[in-house]
Amino acid sequence: MNQSHKLKVWPEYYKELLTGRKTFEIRNNDRDFKIGDVLVLKEFDPIRNIFTKREIHKAVTYITDFNQADGFVVMGLSREFLSLI
């Protein structure tokens, strides 16, 4: 069964996800990510230490750990937004 994962994303990366230039996430695989899972990518301002209330929902379409640090994976993301707040 697919899961939903809430993840912090800094503003500069959120912007790239929003424009579609960034189509992947590199993350520690501490949540056992699977193809079909939904990433709830929540914009987080590290300077003010707050969430901005903007978020993007993307499906995981591909996963690899090739040439990554131990425990990390690269996840390909769906082009379409499942939800945009």
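Observations
- Within segment 29-45, the residues that satisfy the criterion of being of a type outside the set (A, V, I, L, M, F, W, C), farther than 14 Å from His57 by Cα and either in contact with a strand residue (DSSP E or B) (Cβ under 9 Å, 6 or more places away or on another chain) or surrounded by 15 or more Cβ atoms within 10 Å (Cβ to Cβ) (or both) are Asn29, Arg31, Lys34, Asp45.
- The set of residues in segment 32-71 that are in contact with a helix residue (DSSP H, G or I) (Cβ under 9 Å, 6 or more places away or on another chain) and among the aromatic types (Phe, Trp, Tyr) contains only Phe44.
- Of all residues in segment 46-59 being in contact with a Lys or Arg (Cβ under 8 Å, 6 or more places away or on another chain) and either of a type in the set (D, E, K, R) or within 24 Å of Asp70 (Cα to Cα) (or both), the one that is surrounded by the most Cβ atoms within 10 Å (Cβ to Cβ): Glu55
- Within segment 1-28, the set of residues being in a loop (DSSP other than H, G, I, E, B) and surrounded by fewer than 15 Cβ atoms within 10 Å (Cβ to Cβ) comprises Met1, Asn2, Gln3, Trp10, Gly20, Arg21.
- Tally of residues being small (Gly, Ala, Ser), surrounded by 13 or more Cβ atoms within 10 Å (Cβ to Cβ) and assigned to a strand (DSSP E or B) across segment 60-85: 1
- Qualifying residues in segment 62-79 (those that are charged (D, E, K, R) and in contact (Cβ under 8 Å) with a residue 12 or more places away in the chain) - the one farthest from Val38 (Cα to Cα): Asp65
All of the numbers you see were taken from the coordinates with simple rules; none came from a lab. Since we're looking at a predicted model, the values are computed, not measured. So basically every Cβ, Gly included, is an ideal-geometry build from the backbone, and we count neighbours across all protein chains shown.
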